[in-house]
Ligand SMILES: Nc1nc2c(c(=O)[nH]1)N[C@H]1C(S)=C(S)[C@@H](COP(=O)(O)OP(=O)(O)OC[C@H]3O[C@@H](n4cnc5c(=O)[nH]c(N)nc54)[C@H](O)[C@@H]3O)O[C@H]1N2
Ligand SMILES: Nc1nc2c(c(=O)[nH]1)N[C@H]1C(S)=C(S)[C@@H](COP(=O)(O)OP(=O)(O)OC[C@H]3O[C@@H](n4cnc5c(=O)[nH]c(N)nc54)[C@H](O)[C@@H]3O)O[C@H]1N2
Ligand code: SF4
Ligand SMILES: [Mo]
């Protein structure tokens with residue numbers, strides 16, 4: 001294995017790493033190198049005096065490589081080794097000002113630094129693609145080799161045949177990487193097409209970007225609908241938990257009820273008034289029949305629908321065909337229960353709806369599903385009312401100007417316009433998208449209002465990589481995978497591997513050797529954010545305004561380099577260094593800081609600055625029901641019950657048009673949808689994305705994470721497992737019409753007997769614990785092998801792919 005070449009034992013046993021520290025200077029420290037989950041032994045406690053420790057500020061890296069979520073204080077022991085981390089109490093993390101707690105991932109941050117899985121040197125492939133034979137090279141050689149190849153491909157085939165692949169919301173990719181693409185001249189940034197922009201764009205199409213269904217004043221909410229969202233695990237938006245259980249339980253004391261729509265009885269679901277274990281991938285049918293009940297039983301807000309809904313009557317007529325009797329056999333939820341939840345949604349006010357990935361990001365009719373969910377909130381009169389969707393309190397003005405921080409201009413105007421663009425009335429380079437994630441016509445600056453990150457166009461990664469195999473519409477020639485493992489991220493790893501082999505040029509930058517590296521021409525070692533000092537973040541709170549930077553905690557391991565730097569180095573080599581601060585990132589950071597009045601040197605020295613509010617300003621109630629402004633950009637200034645944005649327009653494949661009214665298509669394989677397939681494959685398989693002990697498919701290499709999440713588990717109802725002679729803890733063979741995996745049965749009574757649910761991404765080994773990594777292909781444990789990757793089945797608006805299929809299972813004896 002090639003990574004063996006770059007590994008070294010840097011990890012001197014977990015003993016020096018673990019630390020649970022009390023608030024005082026003198027604190028207990030957990031000293032443990034054993035697998036506590038297995039032994040159940042109490043850890044030894046050693047006291048350390050934190051006054052002797054140096055404290056550095058960082059932005060926690062454990063929710064993804066370049067985010068500014070939890071601000072942390074990192075303690076370096078007298079030998080200069082980072083041994084303890086805690087939340088920065090003045091930064092307003094998690095549940096608010098004063099909070100020091102971090103989640104489990106945050107608490108194991110030190111293990112990313114001192115980890116044997118890290119790549120230390122640039123590597124160049126010397127064997128066949130996929131064989132994994134590499135030799136060490138210098139940075140100079142790698143950057144020169146990559147730049148030369150990119151130039152060659154640009155000259156020979158055109159700039160659009162180069163794509164950057166990275167689905168994560170990392171700023172170095174979303175901003176710096178995009179800038180690089182634009183200046184290079186390619187629109188092909190490949191997004192996973194199964195995360196976040198999917199649900200956000202559906203919202204934009206139905207209720208507009210400014211409106212929301214999520215209740216920002218939960219203390220006033222009476223009904224919360226938790227739809228396909230993983231509040232127990234998904235850290236996001238500066239909350240240890242996306243669903244913020246702490247605030248939710250407070251609100252429950254105030255009379256909040258909630259409905260949980262998920263196939264599994266997860267911990268939060270056990271507190272719900274109603275649990276709706278919908279069949280995976282059938283949320284669209286459920287949403288349509290809820291609309292049916294709301295309208296048929298006259299439970300909608302007449303004033304709102306008359307004044308602010310476009311084509312409400314057409315929607316009302318349309319949903320007549322979707323009564324609960326239609327949805328029950330599709331969703332597996334009884335007519336009575338569908339009616340009950342619809343009545344609750346129509347009568348308990350105010351209501352907020354929180355929906356996540358599983359409500360629409362990862363089903364092939366996800367766009368209509370999410371549109372329906374937004375329409376439910378709208379027609380019941382729950383938008384922009386206190387305790388309803390949106391309607392957050394207004395924060396007092398920030399005390400210094402942070403407006404430029406974290407904003408790297410992406411130079412979108414550099415994308416070249418070609419004749420095809422002009423002829424079709426498209427924005428520059430849209431006709432050169434290899435696989436438009438959203439329809440080309442929609443990807444122009446006017447309609448593309450999700451401007452937070454994506455002012456620039458995007459291609460859908462899975463469709464994009466398939467171009468290499470089909471040559472349609474043209475084959476990509478070069479791909480840069482930056483902080484992603486294509487073999488576990490998208491459907492059908494075997495297809496992806498074939499394409500990676502066929503590519504003219506493929507290079508990777510990662511902190512760890514992931515399985516896709518074996519196919520690369522060059523593998524570049526990235527340092528973590530604890531080893532560079534590039535990420536600045538700010539936060540405006542009732543208590544004051546905060547600004548912080550990552551202080552460098554350790555020298556980059558081996559020759560690893562900052563992710564921010566690669567674009568600058570390549571730009572300089574390719575002759576457009578002027579657009580990249582001539583290779584000096586600090587120049588950019590200085591410009592971002594300029595309006596704040598703080599200098600980069602000052603901030604790096606201090607780590608963070610917090611200016612307390614003395615003007616007495618408090619968060620204020622917003623003005624509610626501001627519909628004119630909220631719906632301003634929508635056709636006729638109204639909620640799109642009848643969708644005049646997409647209706648009649650070409651879909652993203654340009655092989656058909658999109659409809660005006662919601663449709664249900666369901667998963668490519670489903671019990672009700674494909675009964676003939678269900679005869680051989682009787683169970684439904686799906687997976688969950690977020691897990692509190694990993695990010696995406698990584699951090700399985702950290703002992704603290706892995707010891708509690710050791711084996712590739714699947715949750716299965718004991719009644720189902722026993723039918724197949726499968727005991728709790730047995731390895732199972734799981735076969736779908738598309739591939740097979742082996743995973744370990746975890747008995748769970750709280751899952752429907754017809755559903756089996758796993759988690760993707762088990763490729764990482766954990767050397768310290770002797771836990772192996774598992775293959776990404778058939779016979780391994782990567783669930784993406786099980787799913788359909790037929791392009792024609794992907795969502796026609798936003799390219800989402802189903803992660804639901806039918807499977808048969810047996811005990812694995814191998
Ligand atoms: N700790 C941690 N936090 C993370 C991440 C991480 O990797 N680790 N990743 C981040 C990222 S990139 C994202 S996109 C978000 C994702 O966070 P979420 O949007 O919350 O998505 P999932 O984690 O997939 O959880 C979806 C929930 O829906 C359930 N479910 C599964 N199938 C279905 C279905 O067909 N219908 C319905 N109604 N429910 C279903 C699952 O059991 C799960 O509880 O999390 C972010 N936060
Ligand atoms: N079946 C299935 N597939 C899914 C999902 C699902 O729920 N089910 N979820 C989808 C979603 S929501 C998302 S967001 C995507 C996520 O997909 P990806 O973001 O591609 O996630 P990973 O495959 O875990 O790859 C992340 C890579 O980044 C590397 N890395 C970590 N830190 C750094 C760093 O600082 N610098 C660099 N250069 N590399 C780093 C890790 O070692 C790892 O190899 O997956 C999608 N795929
Ligand atoms: S939620 Fe956890 S992993 Fe995410 S930034 Fe905060 S402490 Fe780090
Ligand atoms: Mo995601």
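The values are calculated or read from the model by the stated rules, or taken from the named source; none is laboratory data. This one's a predicted model, so the numbers in the text were calculated from it and none came from an experiment. Here Cβ is always computed from backbone atoms with ideal geometry, including for glycine, and neighbour counts include all displayed protein chains.
For this structure, a couple of remarks:
- Apart from one condition, residue 401 fits all of (1) modelled with pLDDT of 95 or more; (2) more than 30 Å from residue 549 (Cβ to Cβ); the exception is (2).
- Taking the criterion of being surrounded by 24 or more Cβ atoms within 10 Å (Cβ to Cβ) and more than 16 Å from ligand 4 (Cβ to nearest atom), the residues of the stretch 678-699 that qualify are 684, 685.
Quick grid of which residues meet (1) touching a strand residue (DSSP E or B) at 6+ places or on another chain (Cβ under 8 Å); (2) free of Cβ contacts under 8 Å to residues at least 40 places away in the same chain:
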| position | (1), (2) |
| --- | --- |
| 429 | no, no |
| 439 | yes, no |
| 459 | yes, no |
| 467 | no, yes |
| 486 | yes, no |
| 516 | yes, yes |
| 523 | yes, no |
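- Residue 781 meets all of the listed conditions (1) surrounded by 20 or more Cβ atoms within 10 Å (Cβ to Cβ); (2) more than 23 Å from the chain's Cα centre (by Cα) but one, namely (2).
- Residue within the stretch 797-804 that is at pLDDT 95 or above, closer than 23 Å to residue 720 by Cα, outside any helix (DSSP H, G or I) and in contact with a strand residue (DSSP E or B) (Cβ under 7 Å, 6 or more places away or on another chain) present: yes
- Restricting 739, 729 to those that are away from ligand 1 (no atom under 16 Å from the Cβ) and surrounded by fewer than 20 Cβ atoms within 10 Å (Cβ to Cβ) reduces the list to 729.
- Long-range neighbours under 7 Å by Cβ, at least six apart or interchain, first residue within 25 Å of residue 804 (Cα to Cα) and touching a residue at least 40 places away in the same chain (Cβ under 8 Å) within the stretch 185-206, second near ligand 4 (Cβ under 10 Å from one of its atoms) and part of a helix (DSSP H, G or I): 191/197; 192/489; 195/357
- In the stretch 285-309, residue nearest to residue 321 (Cα to Cα) [restricted to those that are assigned to a loop (DSSP other than H, G, I, E, B) and in contact (Cβ under 8 Å) with a residue 12 or more places away in the chain]: 297
- Residues in the stretch 538-585 that are in a strand (DSSP E or B) and more than 30 Å from residue 395 (Cβ to Cβ): 561 alone.
- Residue 708, sole failed condition from (1) away from ligand 3 (no atom under 16 Å from the Cβ); (2) more than 30 Å from residue 444 (Cα to Cα): (1)
- Here residue 577 fulfils each of the conditions (1) within 29 Å of the chain's Cα centre (by Cα); (2) crowded, with 16+ Cβ neighbours inside 10 Å; (3) modelled with pLDDT of 95 or more apart from (1).
Residues are listed down the side, and each one gets a yes or a no for (1) assigned to a loop (DSSP other than H, G, I, E, B); (2) more than 16 Å from ligand 2 (Cβ to nearest atom); (3) crowded, with 24+ Cβ neighbours inside 10 Å; (4) not assigned by TED's automatic domain parsing to the domain that holds residue 481:
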site: 169; (1), (2), (3), (4): yes, no, no, no
site: 172; (1), (2), (3), (4): no, no, yes, no
site: 183; (1), (2), (3), (4): no, yes, no, no
site: 202; (1), (2), (3), (4): no, no, yes, yes
site: 210; (1), (2), (3), (4): yes, yes, no, yes
site: 219; (1), (2), (3), (4): no, yes, no, yes
site: 226; (1), (2), (3), (4): no, yes, yes, yes
site: 246; (1), (2), (3), (4): no, yes, no, yes
site: 249; (1), (2), (3), (4): no, yes, no, yes
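- Filtered residues of the stretch 616-649 (kept if surrounded by 14 or more Cβ atoms within 10 Å (Cβ to Cβ) and not in a loop (DSSP other than H, G, I, E, B)): 627, 630, 635, 637, 639, 640
- Count of residues meeting criterion [more than 16 Å from ligand 1 (Cβ to nearest atom) and touching a strand residue (DSSP E or B) at 6+ places or on another chain (Cβ under 8 Å)] in the stretch 52-71: 7
- Residue within the stretch 519-526 that is surrounded by 18 or more Cβ atoms within 10 Å (Cβ to Cβ), within 16 Å of ligand 1 (Cβ to nearest atom) and assigned to a strand (DSSP E or B) present: no
- Across the stretch 311-344, the number of residues qualifying as in contact with a helix residue (DSSP H, G or I) (Cβ under 6 Å, 6 or more places away or on another chain) and buried (at least 22 other Cβ atoms within 10 Å of the Cβ) comes to 9.
- Filtering 701, 652, 709 for residues that are within 13 Å of ligand 1 (Cβ to nearest atom), modelled with pLDDT of 95 or more, in a loop (DSSP other than H, G, I, E, B) and not assigned by TED's automatic domain parsing to the domain that holds residue 170 leaves a single hit, 709.
- Test: residue in the stretch 663-673 that is more than 16 Å from ligand 1 (Cβ to nearest atom) and either in a helix (DSSP H, G or I) or touching a residue at least 12 places away in the same chain (Cβ under 8 Å) (or both): yes
- Checked against the criterion of being more than 24 Å from residue 636 (Cβ to Cβ) and surrounded by fewer than 21 Cβ atoms within 10 Å (Cβ to Cβ), the candidates 285, 272 yield just one match: 272.
- Selection within the stretch 248-271 - in contact (Cβ under 8 Å) with a residue 24 or more places away in the chain and under 21 Å from residue 216 (Cβ atoms): 248, 250, 251, 254, 255, 256, 257, 258, 259, 260, 261, 268
- The stretch 130-147, residues that are part of a helix (DSSP H, G or I) and touching a residue at least 24 places away in the same chain (Cβ under 8 Å): 139, 142, 143, 144, 145, 146, 147
- Of all residues in the stretch 735-755, those that are under 26 Å from the mean Cα position of the chain (by Cα) and under 30 Å from residue 130 (Cβ atoms) total 8.
- Top-ranked residue of the stretch 59-79 - restricted to ones that are touching a residue at least 24 places away in the same chain (Cβ under 8 Å), part of a loop (DSSP other than H, G, I, E, B) and over 19 Å from residue 541 (Cβ atoms), ranked as nearest to ligand 4 (Cβ to nearest atom): 63
- Among the conditions (1) out of contact with any strand residue (DSSP E or B) (no Cβ under 7 Å at 6 or more places or on another chain); (2) assigned to a helix (DSSP H, G or I), the only one that residue 386 does not satisfy is (2).
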